[in-house]
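Here is the structure we will look at, set down as C-alpha cells.
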Amino acid sequence: RGVEANGRTVSPYGEDVNYILIEGTHYFGNSSSEKHYLNKTGQERLKEEVQVFADKDNYPLNFHCSAGRDRTGVLAYIIEGLLGIPEDVIMMDYELSWLSGSAASQVDSATYFGWMDEFHAYINTFEGETFKDRMESYCLYIGVTEEEIANIREILLEPTDKLQPLSLKVGSMRLTGN
C-alpha cells in the first residue's frame with residue numbers, strides 16, 4: 001500500500017484498484033538448504049500475503065510474483081488448502097504454474113517441485129485430521145488469526161445451497177461432480 005515497485009505506486013489497472021506490494025524473497029531460496037518457509041522472515045511474509053485475502057476491500061484480487069510460479073504457486077497452495085481443496089488437486093495446480101513462459105525458462109523445475117514436496121510434507125506435520133485442518137494449523141502458527149481464516153473462507157467459498165453441479169469436458173472425457 002503506497003509502496004513503490006519499479007517506480008509504480010498505483011495499480012496498472014487504475015487508481016481505483018487497491019495496489020498492495022509485499023516484497024519477499026523466493027520461498028525456497030537458492031538451494032535446498034534454504035527453506036524460507038521455516039524462518040521468521042519467510043513466515044512473516046507468508047502471513048502478510050495470506051492476510052490480504054482476509055479483507056473484502058482487496059477484492060477482486062490479482063496476485064502474482066515476478067515469474068508467476070514459486071511465490072504465486074505457494075500462496076495459491078496455502079489459500080486452496082484453507083478452502084479444503086483436495087491435496088492432489090492443489091499439487092496439480094502448483095505444477096500448472098510452471099507452464100508460464102517465464103517459469104519454464106528460468107530454472108530446473110524438478111528442483112522446485114522437490115522443494116514444494118518438502119513444503120507439502122512440512123505442512124502435513126501440523127496437527128489436524130484433514131489437510132485443510134493442517135493448513136489452518138500452519139497458518140495459525142505463522143500468525144494468521146482464526147478470524148482472518150474465517151473471513152477468507154467466507155469471501156471465497158459459496159454457500160453449498162448455491163452450488164451448481166460441475167460438468168467439464170476435456171477432450172473426449174466428461175468430468176462431473178458436486
Worksheet, complete the sentence: Placing each pseudo-label 7 Å from Cα in the direction of the beta carbon, E48 and L96 end up separated by a distance in nanometres of 2.9 nm
Worksheet item: Quick one: if you stick a label point 7 Å off each Cα along the C-beta vector at E127 and L38, how many nm between them?
Response: 2.3 nm
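Read the figures in this text as sums done on the coordinates, not as results from a lab. Everything quoted here is computed from the prediction, not taken from an experiment. Because the Cβ atoms are built from the backbone with ideal geometry, glycine has one as well, and the counts that use them run over all protein chains shown.
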